[in-house]
Amino acid sequence: MNSSHTRVVGPPRTRGTDRSLARRAELIAIGRKLFADTSYDALSMDDIARQAHVAKGLIYYYFKSKRGYYLAIVEDSVTDLVSFAASGLELPPEERVHRTLDGYLRYAEDNQAAYRTIVSGGVGFDTQVHAIRDGVREAIVETIAEGAYGRREIAPLARMGLLGWVCSVEGATLDWIDRPDLPRDAMRELLVRTLGGTLRAIEELDPAYLAPDPARRAP
């Protein structure tokens, strides 16, 4: 006896997964607001749940712990910064540098607690926090290298020069958000000028890496 029944297999069911991802994204968005200017230690899970108007168990369900929740928030917010730095390829190099630095400073202003955690530690300064910080650094270094030299892969000396500049930007930005008596535009221009000095120093040590004309003309 032959069976004429045919089993029709449709697309995988993703509705529950979509809802779960949307709920997780909603919790991260809430957390970004809560932690924007509040340090990790200043908020308990009870505080977070109360201000977010959700059950504490829901946060544990998605993120396992307070630390897991906070790291997810930091990673999500940093993704915006890294994506911004990597975009704008159609712009002239000098304009792209200004745009990237302006976005960087705006991020530090608007996400002060997260920025301090990324740069100086906070919440258990371990490999995950290191990875977040290093990802931001590499994105900025690659952005500058592509604008200055037309490529992201550069020699160790040039990379170290740019990385040293990025680390100095981190320290200056930390001080700036604590004492914001310098307008953002002035801060951005100062960082652009110090980048010019770095590019000229790289050229002096390795003539294969010519500084762009604006950096060579800068006083």
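Please treat every number below as a calculation from the coordinates, not as lab data. Everything numeric here is computed off the predicted structure, so don't read it as measured data. Cβ coordinates were reconstructed from backbone atoms using ideal geometry, including for glycine residues, and neighbour counts include every protein chain displayed.
Numbers at a glance
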| quantity | calculated |
| --- | --- |
| Cα-based reach from Lys56 at 20 Å (exclusive), listing aspartates and glutamates while leaving out same-chain residues under 8 positions away | Glu26, Asp41, Asp46, Asp47 |
| Rounded FRET efficiency, nearest 0.05, which uses the C-beta distance separating Ser44 from Thr79 and R0 of 22 Å | 0.25 |
| DSSP H segments from the chain that extend 18 Å or more along their own axis, Cα-based, with Kyte-Doolittle mean of 0.5 or above | 156-178 |
| Simple spin-label estimate for Leu89 and Arg152 in nanometres, 7 Å along Cα-Cβ | 0.9 nm |
| Helix-derived mean residue ellipticity, 222 nm - over the chain, DSSP H n ≥ 4, -39500 (n - 2.57), to 500 | -23500 deg cm²/dmol |
| Proxy reagent accessibility, fewest Cβ within 10 Å first, across His98, His130, His53 | His53, His130, His98 |
| Prolate/oblate/rounded call for region 15-217, Cα gyration tensor, a/c under 1.5 rounded | prolate |
| Anisotropy class of region 34-79 from Cα gyration tensor, a/c 1.5 cut | oblate |
| Residue-span extension gain [Glu189 to Tyr60] - 0.36 nm each, minus C-alpha spacing | 42.1 nm |
| Exposure rule at most 11 other beta-carbon atoms within 10 Å, DSSP loop GluC sites (Glu not before Pro): the chain longest free segment | 1-89 |
| FRET efficiency, 1/(1 + (r/R0)^6) with R0 22 Å, evaluated for Arg67 and Asp110 via beta carbons | 0.45 |
| Exposure rule at most 16 other beta-carbon atoms within 10 Å, DSSP loop trypsin sites (Lys or Arg not before Pro): the chain longest free segment | 65-150 |
